[in-house]
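Here's the structure, in structure tokens; my notes come after.
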Amino acid sequence: MNKSLSKTQVLIMAVTTGICVANVYYSQPILGAIAEGTKMSLEEAGRLPVLSQAGYGIGLFFLTPVGDRMDRKRLILILQLLLIASLILLAFVHSLPLLYACSLLIGTFSVVAQVILPMAASLVTENRGKIVSIIFTGLLTGILVARVYSGFVAEWLGWRYVYGISAVLVGVSAILMQADFPSTTERFAGSYAKLLGSTLQQFRRFSLLRIAAVTGALAFGTLSTFWITLSLRLSGAPFNYGVARIGLFGLLAAASALAAPMFGKMADKSKPANTLLITTLLILTGVASLRLAPDSIIPVFLAVILLDIGVQATQVTNIALIYTLDSTANSRINTVYMTTYFIGGSVGAALSLVAWKHGGWEGAQLLMLILSALAVCMTLVFRRQLKM
């Protein structure tokens with residue numbers, strides 16, 4: 001029997017995903033306002049987004065696998081209620097330790113997005129790639145809009161309203177998520193400790209998961225290297241751009257969110273191996289385009305578009321792929337994939353600074369070339385296994 005979701009249900013999932021994940025990124029553009037309003041230094045305020053990211057990592061590993069042990073609909077509600085409480089608390093507290101604690105908790109409970117994705121995959125049997133890609137587009141949009149929203153609200157109302165209004169939005173999305181969605185019935189029967197152990201076992205269990213996870217990590221590592229070193233490149237000769245002008249390049253990333261559903265459809269209609277080869281080649285082409293005219297800004301524009309589309313399309317294709325492995329373990333499989341994905345981004349970020357220190361923009365390009373070429377090689381070497 002074919003199972004599917006209505007357009008309204010998919011839209012609610014996508015919007016909820018974006019609303020929740022955006023909370024991790026709200027503090028980044030308003031650190032100055034937070035520091036001024038709480039009388040803390042910029043260095044102290046700078047720890048807030050770090051704690052949010054750390055909290056997201058904690059929630060990703062310790063909370064999202066629980067979606068295989070209890071009803072995901074109920075888990076989403078619990079996480080949203082805890083997220084609302086953390087947002088309201090942050091909107092009122094003045095103590096530095098409490099601000100830090102709230103930032104950590106907000107990141108932890110914002111993993112609602114990583115529960116919704118496997119929930120959607122388990123509720124459909126047709127057009128899974130298309131539906132998952134639409135919901136993932138909601139996640140991307142939430143990340144992109146977060147910085148614009150928080151900057152606008154902080155400027156006109158004050159930084160605390162950023163979190164107060166967000167608490168209301170999360171509350172509305174929580175009501176919508178509970179209104180018209182079926183409960184999941186498949187459960188992991190063991191204890192929580194066994195659940196975490198089983199999460200680690202998924203990496204050994206599926207070769208396709210290992211391929212997807214490593215490919216995704218290499219792709220995200222390339223993107224992290226690009227964005228970190230791009231600001232250093234554009235702020236120096238021959239461009240000498242200011243911070244505001246450099247920030248405008250982030251608007252081009254919106255193209256990736258618009259392109260994601262297209263690759264989700266491709267994953268449904270064609271062999272995932274072919275789609276994945278196209279997406280990783282887009283990343284490699286984006287890196288190579290930087291060599292076209294080193295002192296021109298046009299190759300940078302091209303690289304931004306190709307890299308963002310390529311990485312996000314790789315992500316959508318991989319997610320559609322891994323959700324075909326075992327519907328009873330979607331949350332654990334998602335945890336393994338996303339954890340590996342973020343590790344790739346972190347390693348890429350760390351290596352990018354080393355590459356820049358020793359080789360400048362040339363060194364960064366070499367690192368990006370190696371990472372993106374390895375991603376293509378992963379797809380080619382294991383192409384037969386990816387034919388599903």
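The values are calculated or read from the model by the stated rules, or taken from the named source; none is laboratory data. Please read all numbers here as calculations on a predicted model, not as lab measurements. In this analysis, Cβ positions are derived from the backbone assuming ideal geometry, glycine residues included, and neighbour counts consider all displayed protein chains.
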Residue match in the range 301-311 (condition: touching a residue at least 60 places away in the same chain (Cβ under 8 Å), within 12 Å of G216 (Cα to Cα), buried (at least 24 other Cβ atoms within 10 Å of the Cβ) and not assigned by TED's automatic domain parsing to the domain that holds T125): yes
Boolean, V124 is among the β-branched types (V, I, T), assigned to a loop (DSSP other than H, G, I, E, B) and in contact (Cβ under 8 Å) with a residue 24 or more places away in the chain: yes
Inter-residue pairs, beta-carbon under 9 Å, first in contact (Cβ under 8 Å) with a residue 40 or more places away in the chain and part of a helix (DSSP H, G or I) and in the range 271-300, second among the basic types (K, R) and surrounded by 17 or more Cβ atoms within 10 Å (Cβ to Cβ), 6+ apart: V300/R233
Test: residue in the range 52-64 that is modelled with pLDDT under 90, surrounded by fewer than 19 Cβ atoms within 10 Å (Cβ to Cβ) and not in a helix (DSSP H, G or I): no
So K130, is it in a helix (DSSP H, G or I) and without any contact (Cβ under 8 Å) to a residue 12 or more places away in the chain: no
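Inspect the range 141-155 for any residue being assigned to a helix (DSSP H, G or I), at pLDDT below 90, in contact with a Ser or Thr (Cβ under 7 Å, 6 or more places away or on another chain) and in the same structural domain as F62 (by TED's automatic domain parsing) and give the result as yes or no. Steps first, answer last, please.
In the first step, residues of the range 141-155 are kept if they are assigned to a helix (DSSP H, G or I); the result is 141-155.
From what is left, the residues that are at pLDDT below 90 are 141-155.
Narrowing further to those that are in contact with a Ser or Thr (Cβ under 7 Å, 6 or more places away or on another chain): 142.
So of that shortlist, the ones also in the same structural domain as F62 (by TED's automatic domain parsing) come out as 142.
Yes, the range 141-155 has at least one match.
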Single residue of the range 107-121 satisfying the filter (touching a residue at least 60 places away in the same chain (Cβ under 8 Å) and polar (S, T, N, Q)) that is nearest to L51 (Cα to Cα): S110
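Only one residue in F220, F181, F188 is part of a helix (DSSP H, G or I), in contact (Cβ under 8 Å) with a residue 24 or more places away in the chain and surrounded by 18 or more Cβ atoms within 10 Å (Cβ to Cβ). Which one? Before you say what the answer is, go through the steps one by one.
On the way: F181 fails: part of a helix (DSSP H, G or I); F188 fails: part of a helix (DSSP H, G or I).
Going through F220, F181, F188 in turn, just one is part of a helix (DSSP H, G or I), in contact (Cβ under 8 Å) with a residue 24 or more places away in the chain and surrounded by 18 or more Cβ atoms within 10 Å (Cβ to Cβ): F220.
Would you check which residues across the range 223-251 are surrounded by fewer than 16 Cβ atoms within 10 Å (Cβ to Cβ) and at pLDDT 75 or above and list them?
Let us first name the residues in the range 223-251 that are surrounded by fewer than 16 Cβ atoms within 10 Å (Cβ to Cβ), namely 231-232, 235-240, 242-245, 247-248, 250-251.
L232, S235, G236, A237, P238, F239, N240, listed by residue number.
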Boolean, E44 is touching a helix residue (DSSP H, G or I) at 6+ places or on another chain (Cβ under 8 Å) and more than 30 Å from S327 (Cα to Cα): yes
Scope the range 20-33; condition part of a helix (DSSP H, G or I) and over 13 Å from the mean Cα position of the chain (by Cα); matching residues: Q28, P29, I30, L31, G32, A33
